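Let me begin by presenting the structure, written as structure tokens, before commenting on it.
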Amino acid sequence: MTSSFAGGTTFFFHQGVSSNKTFVLNSRSRSGLEMVHNLPSCFKLSPPAGIVYPPINIKVTFTPRPIVRNVENEPLFIKFTDKNTPISSTNPITYHLVVLDSKNKPPPPPRSSQSKEVKKQMPQKKIQDKVFDALDCKVCLQPFSEELHEKVPRILTACGHTICDDCASTILRLSLDQKIACPFDRKLTDGPVSALLKNFAILDIVRERAQSSSAIYCDEPANPCFENSRHEATCYCLSCKADFCESCFTSTHSSKIFSGHRQVSIDENPFELPSCPIHPDNIAEFVCKQENCPAVGTSFCKACQPIAHNKHAYKSQEEEMDRNHKVLTKLHKDLKRAEAFATSKLEEAMNCERSFDPSNQCLLDAKNTVTTYFDDLKKGALKKMDSFYENKKKKFDKEMSSIENDLIAITETKHDVEKALKNKKFLYDNSKKLIGKAEEQRSVVVGRDADFTAFSFPSLYEIICEDKNQVPKTTPAPSNHFFKGLLTSSIPRYLGEKKK
């Protein structure tokens, strides 16, 4: 899988190439950030849209099936908004996504016919945008919400202005007379905030905006919307007998004449029998089950039966469609379970993948354990070397000092002997005492068998593995089997080979 590349806060994906991009979302927000996006179905987010708590890894997976983009060619985005912080250059945090073609260019704009349709809708869209802009609290500048209790629009009964629940609560908390002073005209409204009416007109528009933004745009939808062929249909109008997306159904049925039309889920769309290929004005009520049927197509009407399908085995078209529907429904359920299973396994794999991160704390701890352990071994080995050296040096110095003292005594005795030999009279007076002293000094030299060789250290194996089972007390030996093998087998074996 090819990874996408990023430039600033824009992520690029290549058309026709499955890829993913992971980025770290950092923020000081303690209450979490609300993640929203306008990504089509070929993009998957992990975690999905909703409240996220930084720091967190956000993974964007792109799977072209087929390439999809906004019908108005608006840029794709992911926004993270802190609801408790005023809007600023850093709130919300916005990431843009661009799909490049084979020449590393963005997708082309919509075709001319579609552009004309979009231009016709522009005046209405501008009006709609102005309405949507009015759906923010004018005090904190945060959008009203039905899901977030603190952002529910509350009507100040004294003047009729609307502010969010959170701002009303803040004003009431800071008030000395337990009244809510309107930020716009200073008129006073009695508390508590929970007793104030919700502005359901604003909430209805908020819902409509959510529905309008939920339309899925794609080049080749599986079931196109009747009103806009690049929208994925989600419902079926029983009166119009056509498929719509939720947004288009709401906009096309807003007038009074269409308000009585009833919609059902796209899954409840009734079967529509096909036309006969030979008699287009007739409904093909039957399906031929005869092998190697020479007729044009397997579906036929009553008029075709005695001519093209005489004596052929056939079934009712409705029965065949119902059977196929049941088979496909079961297969769809099985595939959903398989998809859910594969998704869970992929999430497990992604969680496992994090353990291979070089900055993973477990890996860093293991490295620190090994480093500390061998640092202690190194200190112990160096200490042994110093001790070995000191002992050898003391022994050598003692031996050398003893020889120096013997040499002085021998030299003095030799001088006395020479003096006696030159002066004959000493042969009578002190000869016996001098002879005894000379023999004693001679025996000292003869009896001393000192073997002086150049100093050398023992082998590395003898220093480190003098007691290979001994582990430094300052650092416990790692419990992992790999480390045990490394410490108790590999090094002694390696040192043994070096010794040979």
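The values are calculated or read from the model by the stated rules, or taken from the named source; none is laboratory data. The shown structure was predicted, so the numbers you read here are calculated from the model rather than taken from an experiment. Cβ sites come from the backbone with ideal geometry, for glycine too, and all protein chains shown count toward neighbours.
The table that follows gives values for the structure above.
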{"read-out": "Counted residues, region 157-193 - those being within 46 Å of the chain's Cα centre (by Cα) and of a type in the set (S, T, N, Q)", "value": "4"}
{"read-out": "Test: residue in region 251-263 that is under 44 Å from the mean Cα position of the chain (by Cα) and exposed (fewer than 12 other Cβ atoms within 10 Å of the Cβ)", "value": "yes"}
{"read-out": "Count - residues of region 362-392 that are surrounded by 15 or more Cβ atoms within 10 Å (Cβ to Cβ) and of a type in the set (D, E, K, R)", "value": "2"}
{"read-out": "Conditions (1) assigned to a loop (DSSP other than H, G, I, E, B); (2) at pLDDT 80 or above; number of the one not met by ASN104", "value": "(2)"}
{"read-out": "Candidates SER229, SER239, SER194, SER255, filtered to the one that is at pLDDT 90 or above and of a type in the set (S, T, N, Q)", "value": "SER194"}
{"read-out": "Residue within region 263-282 that is farther than 22 Å from GLU208 by Cα, among the aliphatic types (A, V, I, L, M) and in contact with a helix residue (DSSP H, G or I) (Cβ under 8 Å, 6 or more places away or on another chain) present", "value": "yes"}
{"read-out": "Count of residues meeting criterion [among the charged types (D, E, K, R) and in contact with a Leu (Cβ under 8 Å, 6 or more places away or on another chain)] in region 255-280", "value": "1"}
{"read-out": "Number of the exception - CYS248 against (1) in contact with a strand residue (DSSP E or B) (Cβ under 9 Å, 6 or more places away or on another chain); (2) more than 17 Å from PRO221 (Cα to Cα); (3) of a type outside the set (A, V, I, L, M)", "value": "(2)"}
{"read-out": "Filter result for MET350 (within 27 Å of ASN57 (Cβ to Cβ) and either assigned by TED's automatic domain parsing to the domain that holds PHE23 or in contact (Cβ under 8 Å) with a residue 40 or more places away in the chain (or both))", "value": "yes"}
{"read-out": "Lone qualifier among GLU291, GLU320 - being under 54 Å from the mean Cα position of the chain (by Cα) and farther than 22 Å from SER41 by Cβ", "value": "GLU320"}
{"read-out": "Residue list for region 264-288, filter: within 45 Å of the chain's Cα centre (by Cα) and at pLDDT 85 or above", "value": "VAL264, SER265"}
{"read-out": "Filter result (surrounded by 15 or more Cβ atoms within 10 Å (Cβ to Cβ) and either among the acidic types (Asp, Glu) or farther than 12 Å from LYS198 by Cβ (or both)) within region 133-155", "value": "LEU135, ASP136, CYS137, VAL139, CYS140, GLN142, PRO143, GLU146, LEU148, GLU150"}
